[in-house]
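Asker: Questions regarding the structure given below will be posed in turn.
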Amino acid sequence: MSDSEKTFVEGKGAFVDDLRFPDLLHLKVVRSVYARARILRVKGGITHADLGATLTSVGEGAEDDSGIVPYPVLASEYVQYVGQPIAAVLADAPYEAEDRASSVDIEYQPLKPVVNPEAALTAEPIHPGTRSNIIAQVREGSKFELKRAPVVLEETLANERVTPNPMETRGIVARYDGSRLTVWASTQSVHAWREGLARSLDLPEKAIRVIGVDTGGAFGSKGGIYPEYVIAAYAAMKHRRAVKWVETRSEHLVTTHQGRGIRATMKVYADRKGTVLGLDADVLVDGGAYPHGMGQFAPGWVGHQISGPYSIRKVHSNGTTVYTNKVPLGPYRGAGRPEAAFFIERMMDILADELGRDPVDVRLQNASRRAFTSPTDLKLPPFRPFLNRAVRELGYRKRAREEGVGFSNGQKVKLSAPDFKDCKFSLTEGQKEKILIKLQWLFSFEYLQF
(Lines give C-alpha, C1' and ligand atoms only; values in the text may rest on other atoms or scores of the structure.)
Protein backbone atom coordinates (compact mmCIF):
# COMPACT_ATOMS: atom_id res chain seq x y z
CA MET A 1 0.00 0.00 0.00
CA SER A 2 1.39 3.40 -1.00
CA ASP A 3 1.72 6.26 1.48
CA SER A 4 -1.08 8.17 -0.25
CA GLU A 5 -3.40 5.15 -0.11
CA LYS A 6 -2.53 4.63 3.55
CA THR A 7 -3.45 8.25 4.28
CA PHE A 8 -7.01 7.72 3.04
CA VAL A 9 -7.43 4.28 4.60
CA GLU A 10 -6.47 5.74 7.97
CA GLY A 11 -8.91 8.63 7.55
CA LYS A 12 -6.21 11.29 7.33
CA GLY A 13 -7.29 12.90 4.07
CA ALA A 14 -7.93 16.64 3.97
CA PHE A 15 -11.19 17.39 2.19
CA VAL A 16 -12.95 20.73 1.85
CA ASP A 17 -15.19 20.18 4.86
CA ASP A 18 -12.12 19.32 6.98
CA LEU A 19 -10.66 22.82 6.52
CA ARG A 20 -10.88 25.03 9.59
CA PHE A 21 -10.34 28.78 9.93
CA PRO A 22 -10.80 30.91 13.09
CA ASP A 23 -12.99 33.48 11.30
CA LEU A 24 -14.97 31.04 9.16
CA LEU A 25 -18.42 31.95 7.83
CA HIS A 26 -20.82 29.29 6.61
CA LEU A 27 -22.83 29.85 3.45
CA LYS A 28 -26.31 28.52 2.83
CA VAL A 29 -28.07 28.88 -0.53
CA VAL A 30 -31.82 29.48 -0.84
CA ARG A 31 -33.17 27.70 -3.92
CA SER A 32 -36.18 27.68 -6.19
CA VAL A 33 -38.96 25.25 -5.33
CA TYR A 34 -40.36 25.55 -8.86
CA ALA A 35 -39.04 24.27 -12.18
CA ARG A 36 -40.23 27.45 -13.87
CA ALA A 37 -41.62 30.63 -12.31
CA ARG A 38 -41.50 34.39 -12.32
CA ILE A 39 -39.87 35.89 -9.23
CA LEU A 40 -42.12 38.63 -7.87
CA ARG A 41 -40.23 39.48 -4.70
CA VAL A 42 -37.18 38.39 -2.71
CA LYS A 43 -36.68 39.66 0.83
CA GLY A 44 -33.59 38.80 2.84
CA GLY A 45 -30.10 37.46 2.21
CA ILE A 46 -27.68 38.10 -0.63
CA THR A 47 -29.65 38.45 -3.87
CA HIS A 48 -29.17 39.33 -7.54
CA ALA A 49 -29.36 43.00 -6.54
CA ASP A 50 -26.11 42.47 -4.59
CA LEU A 51 -24.41 40.03 -6.95
CA GLY A 52 -25.50 40.43 -10.56
CA ALA A 53 -22.78 38.16 -11.95
CA THR A 54 -23.25 35.45 -14.57
CA LEU A 55 -21.39 32.20 -15.12
CA THR A 56 -19.04 31.59 -18.00
CA SER A 57 -18.63 28.25 -19.74
CA VAL A 58 -15.40 26.56 -18.64
CA GLY A 59 -14.25 22.98 -18.17
CA GLU A 60 -15.00 19.91 -20.25
CA GLY A 61 -17.40 20.65 -23.09
CA ALA A 62 -17.01 24.43 -22.67
CA GLU A 63 -18.02 26.53 -25.67
CA ASP A 64 -17.91 30.20 -26.60
CA ASP A 65 -20.33 32.17 -24.41
CA SER A 66 -21.32 34.57 -27.20
CA GLY A 67 -24.90 34.42 -28.40
CA ILE A 68 -26.22 32.21 -25.61
CA VAL A 69 -28.61 32.86 -22.73
CA PRO A 70 -26.70 34.20 -19.68
CA TYR A 71 -26.64 31.93 -16.63
CA PRO A 72 -27.21 34.19 -13.59
CA VAL A 73 -25.34 33.32 -10.41
CA LEU A 74 -28.46 34.38 -8.49
CA ALA A 75 -31.78 34.33 -10.32
CA SER A 76 -33.55 37.66 -10.71
CA GLU A 77 -36.71 37.76 -12.81
CA TYR A 78 -37.22 34.05 -13.50
CA VAL A 79 -36.17 30.65 -12.18
CA GLN A 80 -35.70 27.89 -14.74
CA TYR A 81 -35.09 24.72 -12.72
CA VAL A 82 -35.81 23.29 -9.28
CA GLY A 83 -32.93 24.19 -7.00
CA GLN A 84 -31.73 27.26 -8.92
CA PRO A 85 -30.04 29.66 -6.47
CA ILE A 86 -32.07 32.79 -5.66
CA ALA A 87 -30.50 34.04 -2.44
CA ALA A 88 -27.80 33.16 0.09
CA VAL A 89 -27.16 33.75 3.78
CA LEU A 90 -24.07 33.67 6.02
CA ALA A 91 -23.61 32.66 9.64
CA ASP A 92 -20.88 31.67 12.10
CA ALA A 93 -22.25 28.12 12.38
CA PRO A 94 -23.81 25.85 9.75
CA TYR A 95 -27.01 25.30 11.75
CA GLU A 96 -27.41 29.02 12.25
CA ALA A 97 -27.07 29.45 8.47
CA GLU A 98 -29.87 26.90 8.01
CA ASP A 99 -32.10 28.91 10.32
CA ARG A 100 -31.34 32.18 8.55
CA ALA A 101 -32.12 30.62 5.17
CA SER A 102 -35.65 29.86 6.36
CA SER A 103 -36.21 33.57 7.01
CA VAL A 104 -35.68 34.53 3.34
CA ASP A 105 -39.06 35.31 1.80
CA ILE A 106 -39.62 34.62 -1.92
CA GLU A 107 -42.86 35.24 -3.80
CA TYR A 108 -43.33 33.33 -7.07
CA GLN A 109 -45.72 33.25 -10.00
CA PRO A 110 -45.55 29.61 -11.15
CA LEU A 111 -45.31 28.98 -14.91
CA LYS A 112 -45.80 25.78 -16.89
CA PRO A 113 -42.43 24.02 -17.16
CA VAL A 114 -41.05 22.35 -20.28
CA VAL A 115 -39.49 19.06 -19.24
CA ASN A 116 -39.71 16.85 -22.35
CA PRO A 117 -37.00 17.53 -24.96
CA GLU A 118 -39.28 16.50 -27.84
CA ALA A 119 -41.97 18.89 -26.59
CA ALA A 120 -39.34 21.62 -26.20
CA LEU A 121 -38.84 21.69 -29.97
CA THR A 122 -42.28 23.24 -30.47
CA ALA A 123 -43.08 24.67 -27.01
CA GLU A 124 -42.95 28.38 -26.23
CA PRO A 125 -39.42 29.54 -25.36
CA ILE A 126 -38.63 29.19 -21.67
CA HIS A 127 -36.30 32.21 -21.83
CA PRO A 128 -38.00 35.55 -22.59
CA GLY A 129 -36.55 37.27 -25.63
CA THR A 130 -35.55 34.06 -27.42
CA ARG A 131 -37.32 32.71 -30.50
CA SER A 132 -37.21 29.00 -29.68
CA ASN A 133 -35.86 26.47 -27.21
CA ILE A 134 -33.09 25.36 -29.55
CA ILE A 135 -29.60 25.88 -28.14
CA ALA A 136 -27.55 24.34 -30.94
CA GLN A 137 -27.93 22.44 -34.21
CA VAL A 138 -25.00 20.53 -35.66
CA ARG A 139 -24.77 18.33 -38.75
CA GLU A 140 -22.08 15.70 -39.17
CA GLY A 141 -21.37 13.73 -42.34
CA SER A 142 -23.40 14.12 -45.52
CA LYS A 143 -26.98 13.40 -46.53
CA PHE A 144 -27.48 10.39 -48.78
CA GLU A 145 -30.18 8.25 -50.43
CA LEU A 146 -30.33 4.45 -50.40
CA LYS A 147 -33.80 3.67 -51.74
CA ARG A 148 -33.03 0.06 -52.68
CA ALA A 149 -31.27 -1.16 -49.55
CA PRO A 150 -32.47 -4.75 -48.82
CA VAL A 151 -32.69 -4.09 -45.07
CA VAL A 152 -33.85 -0.84 -43.46
CA LEU A 153 -34.15 -0.71 -39.67
CA GLU A 154 -35.17 2.25 -37.52
CA GLU A 155 -35.20 2.59 -33.74
CA THR A 156 -35.39 5.44 -31.22
CA LEU A 157 -32.98 4.90 -28.34
CA ALA A 158 -32.59 6.92 -25.15
CA ASN A 159 -29.91 7.59 -22.59
CA GLU A 160 -31.94 9.06 -19.74
CA ARG A 161 -30.49 11.74 -17.48
CA VAL A 162 -28.36 10.58 -14.56
CA THR A 163 -26.90 12.37 -11.54
CA PRO A 164 -23.19 12.07 -10.75
CA ASN A 165 -23.09 10.99 -7.13
CA PRO A 166 -19.56 10.81 -5.68
CA MET A 167 -18.91 10.10 -2.01
CA GLU A 168 -17.98 13.74 -1.44
CA THR A 169 -20.43 16.41 -2.53
CA ARG A 170 -19.33 19.73 -4.04
CA GLY A 171 -17.62 22.26 -1.80
CA ILE A 172 -15.44 25.35 -1.57
CA VAL A 173 -13.65 27.54 0.96
CA ALA A 174 -12.80 31.06 -0.22
CA ARG A 175 -10.62 33.68 1.48
CA TYR A 176 -9.61 37.19 0.38
CA ASP A 177 -6.70 39.21 1.78
CA GLY A 178 -7.41 42.44 -0.07
CA SER A 179 -5.36 41.61 -3.15
CA ARG A 180 -5.62 37.88 -3.76
CA LEU A 181 -8.59 35.52 -3.67
CA THR A 182 -7.56 32.05 -2.48
CA VAL A 183 -9.91 29.16 -3.03
CA TRP A 184 -9.65 25.64 -1.61
CA ALA A 185 -11.67 23.40 -3.86
CA SER A 186 -13.02 19.93 -4.42
CA THR A 187 -12.20 20.11 -8.11
CA GLN A 188 -11.08 18.27 -11.22
CA SER A 189 -9.61 21.40 -12.82
CA VAL A 190 -8.01 24.24 -10.86
CA HIS A 191 -7.34 26.15 -14.11
CA ALA A 192 -10.98 26.04 -15.23
CA TRP A 193 -12.05 27.26 -11.79
CA ARG A 194 -9.60 30.14 -11.88
CA GLU A 195 -10.74 31.17 -15.36
CA GLY A 196 -14.42 30.91 -14.44
CA LEU A 197 -14.13 32.82 -11.17
CA ALA A 198 -12.06 35.54 -12.85
CA ARG A 199 -14.69 36.13 -15.50
CA SER A 200 -17.66 36.06 -13.12
CA LEU A 201 -16.03 38.36 -10.54
CA ASP A 202 -14.25 40.57 -13.10
CA LEU A 203 -10.84 39.83 -11.61
CA PRO A 204 -7.52 39.15 -13.34
CA GLU A 205 -6.63 35.46 -13.21
CA LYS A 206 -3.33 36.28 -11.52
CA ALA A 207 -5.32 37.62 -8.54
CA ILE A 208 -6.89 34.19 -7.94
CA ARG A 209 -5.25 31.09 -6.53
CA VAL A 210 -7.16 27.80 -6.63
CA ILE A 211 -5.87 24.96 -4.46
CA GLY A 212 -7.18 21.50 -5.23
CA VAL A 213 -7.48 19.61 -1.96
CA ASP A 214 -8.28 15.91 -1.61
CA THR A 215 -11.37 15.19 -3.70
CA GLY A 216 -13.74 12.36 -2.88
CA GLY A 217 -14.91 11.58 -6.39
CA ALA A 218 -16.44 13.65 -9.14
CA PHE A 219 -17.36 11.63 -12.28
CA GLY A 220 -17.06 14.83 -14.33
CA SER A 221 -19.24 17.03 -12.14
CA LYS A 222 -16.40 19.04 -10.55
CA GLY A 223 -14.63 20.34 -13.64
CA GLY A 224 -16.44 23.62 -14.24
CA ILE A 225 -17.83 26.24 -11.88
CA TYR A 226 -21.28 26.59 -10.34
CA PRO A 227 -23.18 29.57 -8.90
CA GLU A 228 -22.34 28.60 -5.32
CA TYR A 229 -18.60 28.99 -5.93
CA VAL A 230 -19.02 32.55 -7.17
CA ILE A 231 -21.31 33.41 -4.24
CA ALA A 232 -18.77 32.08 -1.72
CA ALA A 233 -15.95 34.03 -3.36
CA TYR A 234 -18.06 37.21 -3.46
CA ALA A 235 -18.95 36.86 0.23
CA ALA A 236 -15.31 36.28 1.16
CA MET A 237 -14.26 39.43 -0.71
CA LYS A 238 -17.04 41.51 0.84
CA HIS A 239 -16.58 40.43 4.46
CA ARG A 240 -12.80 39.74 4.38
CA ARG A 241 -13.44 36.44 6.13
CA ALA A 242 -13.11 32.84 5.04
CA VAL A 243 -16.38 31.47 3.64
CA LYS A 244 -17.21 27.78 3.36
CA TRP A 245 -19.95 26.14 1.35
CA VAL A 246 -20.47 22.38 1.26
CA GLU A 247 -23.63 21.09 -0.34
CA THR A 248 -25.88 18.55 1.33
CA ARG A 249 -26.59 15.24 -0.35
CA SER A 250 -30.11 16.43 -1.16
CA GLU A 251 -28.75 19.57 -2.82
CA HIS A 252 -26.32 17.45 -4.81
CA LEU A 253 -29.01 15.17 -6.18
CA VAL A 254 -31.16 18.13 -7.21
CA THR A 255 -28.75 20.81 -8.42
CA THR A 256 -25.45 19.30 -9.57
CA HIS A 257 -25.22 19.22 -13.36
CA GLN A 258 -26.55 15.96 -14.71
CA GLY A 259 -25.19 13.73 -17.46
CA ARG A 260 -26.48 11.78 -20.49
CA GLY A 261 -30.00 12.99 -21.40
CA ILE A 262 -29.50 12.20 -25.10
CA ARG A 263 -31.85 10.40 -27.47
CA ALA A 264 -31.29 9.28 -31.04
CA THR A 265 -33.48 7.98 -33.83
CA MET A 266 -31.16 5.65 -35.71
CA LYS A 267 -31.88 4.43 -39.24
CA VAL A 268 -29.61 1.71 -40.60
CA TYR A 269 -29.44 0.60 -44.24
CA ALA A 270 -27.82 -2.80 -44.84
CA ASP A 271 -27.57 -5.74 -47.24
CA ARG A 272 -28.62 -9.29 -46.38
CA LYS A 273 -25.02 -10.23 -45.51
CA GLY A 274 -24.98 -7.70 -42.70
CA THR A 275 -22.88 -4.97 -44.28
CA VAL A 276 -24.13 -1.57 -43.17
CA LEU A 277 -24.50 0.58 -46.29
CA GLY A 278 -25.58 3.76 -44.54
CA LEU A 279 -26.48 5.29 -41.19
CA ASP A 280 -28.79 8.25 -40.63
CA ALA A 281 -29.10 9.58 -37.08
CA ASP A 282 -31.29 12.26 -35.52
CA VAL A 283 -29.73 13.16 -32.14
CA LEU A 284 -31.69 15.16 -29.55
CA VAL A 285 -29.94 16.51 -26.45
CA ASP A 286 -31.74 17.66 -23.29
CA GLY A 287 -29.56 20.66 -22.46
CA GLY A 288 -31.44 21.81 -19.37
CA ALA A 289 -32.07 25.44 -18.50
CA TYR A 290 -28.69 26.90 -19.50
CA PRO A 291 -26.11 25.79 -22.09
CA HIS A 292 -22.99 25.90 -19.92
CA GLY A 293 -21.33 22.52 -19.65
CA MET A 294 -22.32 20.19 -22.49
CA GLY A 295 -25.34 21.78 -24.16
CA GLN A 296 -23.65 23.26 -27.21
CA PHE A 297 -20.90 20.67 -27.40
CA ALA A 298 -22.85 17.41 -27.11
CA PRO A 299 -24.76 17.15 -30.44
CA GLY A 300 -21.65 17.51 -32.57
CA TRP A 301 -19.51 15.35 -30.29
CA VAL A 302 -22.02 12.50 -30.30
CA GLY A 303 -22.62 12.88 -34.04
CA HIS A 304 -18.89 12.76 -34.72
CA GLN A 305 -18.72 9.28 -33.12
CA ILE A 306 -22.15 8.01 -34.13
CA SER A 307 -20.89 5.25 -36.49
CA GLY A 308 -18.55 3.85 -33.84
CA PRO A 309 -15.47 1.87 -34.94
CA TYR A 310 -17.16 0.55 -38.09
CA SER A 311 -16.33 1.30 -41.73
CA ILE A 312 -19.70 2.72 -42.73
CA ARG A 313 -19.24 4.79 -45.88
CA LYS A 314 -22.46 6.81 -45.77
CA VAL A 315 -23.20 8.56 -42.47
CA HIS A 316 -25.32 11.56 -41.61
CA SER A 317 -26.14 12.93 -38.16
CA ASN A 318 -28.47 15.81 -37.40
CA GLY A 319 -27.90 16.92 -33.79
CA THR A 320 -30.06 19.34 -31.80
CA THR A 321 -29.86 20.57 -28.22
CA VAL A 322 -32.91 22.13 -26.57
CA TYR A 323 -33.60 24.10 -23.41
CA THR A 324 -35.75 22.39 -20.78
CA ASN A 325 -36.63 23.38 -17.22
CA LYS A 326 -34.06 21.09 -15.69
CA VAL A 327 -30.63 21.52 -14.15
CA PRO A 328 -28.06 22.17 -16.92
CA LEU A 329 -26.41 19.26 -18.69
CA GLY A 330 -22.81 18.53 -17.71
CA PRO A 331 -20.09 15.98 -18.43
CA TYR A 332 -20.46 12.56 -16.85
CA ARG A 333 -18.19 9.52 -17.27
CA GLY A 334 -17.21 9.76 -20.93
CA ALA A 335 -19.28 12.83 -21.77
CA GLY A 336 -20.90 11.73 -25.04
CA ARG A 337 -18.73 8.75 -25.89
CA PRO A 338 -20.88 6.13 -24.09
CA GLU A 339 -24.05 7.62 -25.61
CA ALA A 340 -22.71 7.35 -29.16
CA ALA A 341 -21.43 3.82 -28.50
CA PHE A 342 -24.79 2.72 -27.11
CA PHE A 343 -26.67 4.01 -30.14
CA ILE A 344 -24.58 2.23 -32.78
CA GLU A 345 -24.00 -0.93 -30.76
CA ARG A 346 -27.70 -1.40 -30.11
CA MET A 347 -28.36 -1.04 -33.84
CA MET A 348 -25.75 -3.71 -34.56
CA ASP A 349 -27.62 -6.09 -32.24
CA ILE A 350 -30.94 -5.22 -33.87
CA LEU A 351 -29.44 -5.87 -37.32
CA ALA A 352 -28.06 -9.22 -36.14
CA ASP A 353 -31.50 -10.19 -34.80
CA GLU A 354 -33.12 -9.22 -38.11
CA LEU A 355 -30.68 -11.36 -40.10
CA GLY A 356 -30.54 -14.24 -37.61
CA ARG A 357 -26.77 -13.89 -37.33
CA ASP A 358 -24.33 -13.86 -34.42
CA PRO A 359 -23.97 -10.22 -33.27
CA VAL A 360 -20.17 -10.45 -33.26
CA ASP A 361 -20.14 -11.73 -36.84
CA VAL A 362 -22.17 -8.69 -37.90
CA ARG A 363 -19.63 -6.46 -36.16
CA LEU A 364 -16.74 -8.25 -37.89
CA GLN A 365 -18.54 -7.82 -41.19
CA ASN A 366 -18.36 -4.06 -40.69
CA ALA A 367 -14.85 -3.88 -39.20
CA SER A 368 -12.18 -2.59 -41.55
CA ARG A 369 -8.85 -4.33 -42.14
CA ARG A 370 -7.30 -0.97 -42.93
CA ALA A 371 -7.27 2.49 -41.39
CA PHE A 372 -10.55 4.23 -42.12
CA THR A 373 -11.85 7.79 -41.92
CA SER A 374 -15.61 8.01 -41.47
CA PRO A 375 -17.85 10.55 -43.23
CA THR A 376 -17.90 12.47 -39.93
CA ASP A 377 -14.07 12.67 -40.05
CA LEU A 378 -13.61 10.08 -37.32
CA LYS A 379 -10.14 8.62 -37.92
CA LEU A 380 -9.92 4.92 -37.10
CA PRO A 381 -6.99 2.49 -37.15
CA PRO A 382 -7.53 -1.06 -38.55
CA PHE A 383 -10.27 -2.57 -36.43
CA ARG A 384 -10.85 -6.11 -37.68
CA PRO A 385 -7.48 -7.51 -36.48
CA PHE A 386 -8.16 -6.11 -33.01
CA LEU A 387 -11.69 -7.47 -32.90
CA ASN A 388 -10.62 -10.94 -34.10
CA ARG A 389 -8.00 -11.08 -31.38
CA ALA A 390 -10.49 -9.96 -28.74
CA VAL A 391 -12.92 -12.69 -29.80
CA ARG A 392 -10.19 -15.35 -29.55
CA GLU A 393 -8.65 -14.25 -26.25
CA LEU A 394 -11.99 -13.84 -24.54
CA GLY A 395 -13.15 -17.29 -25.69
CA TYR A 396 -16.29 -15.64 -27.02
CA ARG A 397 -17.45 -18.45 -29.36
CA LYS A 398 -17.47 -21.11 -26.66
CA ARG A 399 -18.96 -18.87 -24.01
CA ALA A 400 -21.66 -17.57 -26.38
CA ARG A 401 -22.79 -21.17 -27.01
CA GLU A 402 -22.66 -22.27 -23.38
CA GLU A 403 -23.52 -19.20 -21.32
CA GLY A 404 -24.93 -16.37 -23.41
CA VAL A 405 -22.96 -13.13 -23.43
CA GLY A 406 -23.23 -9.60 -24.74
CA PHE A 407 -20.51 -7.91 -26.76
CA SER A 408 -19.96 -4.24 -27.58
CA ASN A 409 -17.25 -1.97 -28.91
CA GLY A 410 -16.35 1.66 -28.47
CA GLN A 411 -13.58 4.08 -29.30
CA LYS A 412 -11.73 6.29 -26.87
CA VAL A 413 -10.15 9.63 -27.66
CA LYS A 414 -6.56 10.31 -26.62
CA LEU A 415 -4.87 13.70 -26.82
CA SER A 416 -1.35 13.44 -28.12
CA ALA A 417 1.10 16.34 -28.13
CA PRO A 418 3.85 15.16 -30.55
CA ASP A 419 1.89 15.42 -33.78
CA PHE A 420 0.06 18.76 -33.98
CA LYS A 421 -2.34 18.89 -36.84
CA ASP A 422 -6.00 18.06 -36.53
CA CYS A 423 -7.79 19.94 -33.78
CA LYS A 424 -7.55 23.45 -32.30
CA PHE A 425 -7.31 23.98 -28.55
CA SER A 426 -7.35 27.53 -27.14
CA LEU A 427 -5.14 28.40 -24.19
CA THR A 428 -6.56 30.17 -21.14
CA GLU A 429 -5.47 33.45 -19.45
CA GLY A 430 -6.29 35.52 -22.50
CA GLN A 431 -3.54 34.02 -24.64
CA LYS A 432 -4.37 34.07 -28.34
CA GLU A 433 -1.78 31.49 -29.27
CA LYS A 434 -3.27 28.13 -30.22
CA ILE A 435 -1.84 24.67 -29.88
CA LEU A 436 -2.88 22.07 -32.43
CA ILE A 437 -3.48 18.68 -30.96
CA LYS A 438 -4.03 15.49 -32.86
CA LEU A 439 -6.86 13.25 -31.69
CA GLN A 440 -5.85 9.61 -31.75
CA TRP A 441 -8.67 7.13 -31.52
CA LEU A 442 -7.95 3.94 -29.65
CA PHE A 443 -10.27 0.98 -29.45
CA SER A 444 -11.60 -0.53 -26.28
CA PHE A 445 -14.14 -3.28 -25.80
CA GLU A 446 -16.52 -4.32 -23.11
CA TYR A 447 -17.36 -7.95 -22.40
CA LEU A 448 -20.41 -8.46 -20.29
CA GLN A 449 -21.65 -11.82 -19.05
CA PHE A 450 -25.36 -11.92 -18.30
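The values are calculated or read from the model by the stated rules, or taken from the named source; none is laboratory data. Note that the structure is a prediction, hence the values are computed from the model and not measured. No Cβ is skipped: glycine too gets one built from the backbone with ideal geometry, and neighbour counts run over all protein chains shown. Surface accessibility is based on the protein's heavy atoms, side chains included, excluding ligands, DNA and RNA. Shrake-Rupley method; radii C 1.70, N 1.55, O 1.52, S 1.80 Å.
Asker: Considering only region 366-395, how many residues are over 33 Å from the mean Cα position of the chain (by Cα) and touching a residue at least 40 places away in the same chain (Cβ under 8 Å)?
Answerer: Of the residues in that region, 0 qualify.
Asker: Follow-up. Which one is farthest from residue 374 (Cα to Cα) among residues in region 120-148 that are of a type in the set (D, E, K, R) and free of Cβ contacts under 8 Å to residues at least 40 places away in the same chain?
Answerer: 124
Asker: Next up: Of the residues 346, 357, which single one is farther than 22 Å from residue 280 by Cα and open to solvent by 30 Å² or more (accessible area, probe 1.4 Å)? Let's see the steps before the verdict.
Answerer: Details: 346 fails: farther than 22 Å from residue 280 by Cα.
After ruling out the rest, the residue left standing is 357.
Asker: If you don't mind, there's one more thing I want to ask. Could you tell me which of the residues 285, 268 is assigned to a strand (DSSP E or B) and within 23 Å of residue 192 (Cβ to Cβ)?
Answerer: On the way: 268 fails: within 23 Å of residue 192 (Cβ to Cβ).
After ruling out the rest, the residue left standing is 285.
Asker: Follow-up. I need every pair where a residue in region 218-230 that is touching a residue at least 60 places away in the same chain (Cβ under 8 Å) and within 14 Å of residue 328 (Cα to Cα) has its Cβ under 9 Å from the Cβ of a residue that is open to solvent by 10 Å² or more (accessible area, probe 1.4 Å) and aromatic (Phe, Trp, Tyr), sequence separation at least 6 or different chains.
Answerer: Sorted first by the residue in region 218-230, then by its partner, the pairs are 220/332; 221/332.
Asker: Filter region 275-302 for residues that are modelled with pLDDT of 95 or more and surrounded by fewer than 24 Cβ atoms within 10 Å (Cβ to Cβ); which is nearest to residue 330 (Cα to Cα)?
Answerer: The extreme case among them is 284.
Asker: Quick one: which strands (runs of 3 or more DSSP E) lie wholly within region 54-164 and hold at least 3 residues that are more than 28 Å from residue 242 (Cβ to Cβ), touching a Leu at 6+ places or on another chain (Cβ under 9 Å) and at pLDDT 95 or above?
Answerer: Answer list for region 54-164: 105-110, 151-159.
Asker: A further question on this structure: Considering region 15-41 alone, what residues qualify as being open to solvent by 50 Å² or more (accessible area, probe 1.4 Å) and not in a helix (DSSP H, G or I)?
Answerer: Those that are open to solvent by 50 Å² or more (accessible area, probe 1.4 Å) and not in a helix (DSSP H, G or I): 15, 20, 22, 33, 34, 38, 40, 41.
Asker: Residue check, residue 129 against (1) surrounded by fewer than 23 Cβ atoms within 10 Å (Cβ to Cβ); (2) on the phi < 0 side of the Ramachandran plot; (3) not hydrophobic (A, V, I, L, M, F, W, C), all met but one. Which one?
Answerer: Every condition holds for residue 129 apart from (2).
Asker: Just give me the residues in region 283-319 being of a type in the set (S, T, N, Q) and either without any contact (Cβ under 8 Å) to a residue 40 or more places away in the chain or over 22 Å from residue 269 (Cβ atoms) (or both), in sequence order.
Answerer: Selection gives 296 alone.
Asker: Continuing with the same structure: Given the residues 352, 341, 390, which is the only one that is in a helix (DSSP H, G or I), small (Gly, Ala, Ser) and open to solvent by 10 Å² or more (accessible area, probe 1.4 Å)?
Answerer: 341
Asker: Shifting gears a bit: Here is a check on your reading of the model: is residue 276 of a type in the set (Val, Ile, Thr) and touching a helix residue (DSSP H, G or I) at 6+ places or on another chain (Cβ under 8 Å)?
Answerer: Answer is yes for this residue.
Asker: If you check residue 416 against the conditions, is it at pLDDT below 85, under 25 Å from the mean Cα position of the chain (by Cα) and open to solvent by less than 60 Å² (accessible area, probe 1.4 Å)? Outline the logic, then answer.
Answerer: Values: at pLDDT below 85: yes; under 25 Å from the mean Cα position of the chain (by Cα): yes; open to solvent by less than 60 Å² (accessible area, probe 1.4 Å): yes.
Criteria met by residue 416.
Asker: Just to be sure I understand, how many residues within region 355-365 are in contact (Cβ under 8 Å) with a residue 12 or more places away in the chain and either assigned to a loop (DSSP other than H, G, I, E, B) or farther than 20 Å from residue 395 by Cβ (or both)?
Answerer: Going through region 355-365 one residue at a time, the tally reaches 4.
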